[in-house]
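Right, one structure below, let's go through it.
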């Protein structure tokens, strides 16, 4: 397996800060039951970009059969995990139908384009160049409980 390079440019844009409403919104009472997910203070955007790059590499390796999907559970939500598990099962079936050995994934990570639509959320696209084609991995990361987690991942 060829190592992924990380010496590519990163483009980050931030959404304009929203102006506060003229009249204050009525306060909503706190829920009676505590939630297991709570937004945290403004995180570092560089951490999200690094996670987007690493998670993209892991997702491509998982779909290629070179990495176990269980290794991603810490970094993705339950919905994303179920979506990826379906994709992995389909990819495994497709590889089984092909004759001969499956080549190990050889790819390089290209540019990362990231935007911050709101504080604590980052949407990123990572370009992945493989042997046969170039793909894009689109991710939405949210900073929850003092860490980044992927709430959406799509391999295009």
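Side notes on the structure shown:
- Screening 149, 140 for residues that are under 11 Å from the mean Cα position of the chain (by Cα), under 20 Å from residue 74 (Cβ atoms), buried (at least 17 other Cβ atoms within 10 Å of the Cβ) and free of Cβ contacts under 8 Å to residues at least 24 places away in the same chain leaves exactly one candidate, 140.
- Set 106, 99: member being more than 22 Å from residue 144 (Cα to Cα) and in contact with a strand residue (DSSP E or B) (Cβ under 9 Å, 6 or more places away or on another chain): 106
- None of 104, 6, 19 is modelled with pLDDT under 90, over 19 Å from the mean Cα position of the chain (by Cα) and surrounded by 11 or more Cβ atoms within 10 Å (Cβ to Cβ) except 104.
- For region 62-95, the set of residues classified as closer than 19 Å to residue 151 by Cα, touching a residue at least 40 places away in the same chain (Cβ under 8 Å) and surrounded by 14 or more Cβ atoms within 10 Å (Cβ to Cβ) consists of 63, 75, 76, 77, 80, 83, 84, 87, listed by residue number.
- Evaluation of residue 116 against (1) touching a helix residue (DSSP H, G or I) at 6+ places or on another chain (Cβ under 8 Å); (2) touching a residue at least 12 places away in the same chain (Cβ under 8 Å); (3) over 17 Å from residue 47 (Cα atoms) (one fails), failing number: (3)
- Checked against (1) out of contact with any helix residue (DSSP H, G or I) (no Cβ under 7 Å at 6 or more places or on another chain); (2) within 18 Å of residue 47 (Cα to Cα); (3) in a strand (DSSP E or B), residue 108 meets all criteria but (2).
- Selection from region 111-132 of residues that are under 18 Å from residue 66 (Cα atoms) and part of a loop (DSSP other than H, G, I, E, B): 131, 132
The values are calculated or read from the model by the stated rules, or taken from the named source; none is laboratory data. Keep in mind that this is a model prediction, so the values were computed, not measured. Methodologically, a virtual Cβ is constructed for each residue, glycine included, from the backbone with ideal geometry; neighbour enumeration extends over all protein chains shown.
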